[in-house]
Amino acid sequence: MDTSTTDNSGVTVTIYRGEGASSLEVSTIPDLVLGDEELLWVDLCGANEIQVEEVWRALDLAKESLPASPLATNPKLEKFGSHFLARVVAVVPGQNLQFRGAVLTILAGANFVVTHHAEEIDFLADIRARSPETVCDIGCLGEASFVAALLDWHLSTYFSAAALYEVEIERLESRILSDQPPGRSALPQLCALRGAASRLRRMLAPHRVVFDGLSRPDFVPDGAEDVARHLRDLDDRFERALDVVENARELVVGSFQLFSTQTELQTNERMKLLTFVTVVTGLLAVIAGALGMNFQANFFSLKTEGFWIAVAVMAALGLLSVVIGRRRGWL
């Protein structure tokens, strides 16, 4: 039996028990009597307003918790009479580090969890695709612990995005340190990396209101120590995710410093070449100036032959200078 089935409506109803998982219809939810070892998960992926309202009625959820249209994107944590709501934004990676957010709204009450999202989110699809043998322990989780697991997977999207970011940083730094550095063409990529890091930071930082709220003692008033520990650990993981995103911003600053240093080295090499050429040209100019002085010398009696001798001497001095410069590492 599949863990869950999703029809074209975008509504998936799954009940987890100790022996595995099975799928249900929305119409059967009001008749369910859930035990302590059971957990109902309703996943709404791109469901329309009528389908969402049907699920809300079936679970007797507060109308105030209905997702607004258009969907709000600010993270939020709110408690109602018999359930609570957490709204977060997961990271959806795109090409060239064009990160964007996917809003995920989670509602949880007594032995049930509802997830609502306008587009598919990978970790939710992975949970739905699991075989029954691998999900038998989910039924033993309370709704708060299952929400903590979902939010932990949500934070994993930021860790994955940061890992992709670090790969791009390493590729750029390898180009900068290569034998043929990209030069000023690296600036647009540095700007893009800076923008991606700032984007991740702006997406993650507002979630503090959610994770700090979940870790407060008054959020689990029944004294369930296991649940409270899960939520505290979740808050610690959020802080680590924030540190990773902050480190991503520092990485691009380090890459820019590396780029600046490499540019200075290239400039120094060019200045060495220009200095060498200037010295050699000046030496030849001195010789040419001496030969052009207005006095009679036996050498000038050679006429055309003297001219070519002078040219040959200056050419030989130029070649000798190039040879010496290469041996000394000046060129």
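The values are calculated or read from the model by the stated rules, or taken from the named source; none is laboratory data. All figures in this text were calculated on a predicted structure; none of them were measured in a lab. Every residue, glycine among them, receives a Cβ derived from its backbone with ideal geometry; neighbour counts consider all protein chains shown.
Of all the listed residues (A58, A62), the sole one being at pLDDT 85 or above and of a type in the set (G, A, S) is A58. For V42, the conditions (1) β-branched (V, I, T); (2) modelled with pLDDT of 90 or more; (3) not in a strand (DSSP E or B) are fulfilled apart from (3).
Within region 85-115, the set of residues being aromatic (F, W, Y) and either surrounded by fewer than 20 Cβ atoms within 10 Å (Cβ to Cβ) or under 30 Å from L164 (Cβ atoms) (or both) comprises F99 only. Quick one: in region 64-78, of everything that is of a type outside the set (A, V, I, L, M) and in contact (Cβ under 8 Å) with a residue 40 or more places away in the chain, which residue is nearest to P217 (Cα to Cα)? The selected residue is K76.
Answer yes or no as to whether M314 is modelled with pLDDT of 75 or more and over 25 Å from the mean Cα position of the chain (by Cα). So M314 fits the description; yes.
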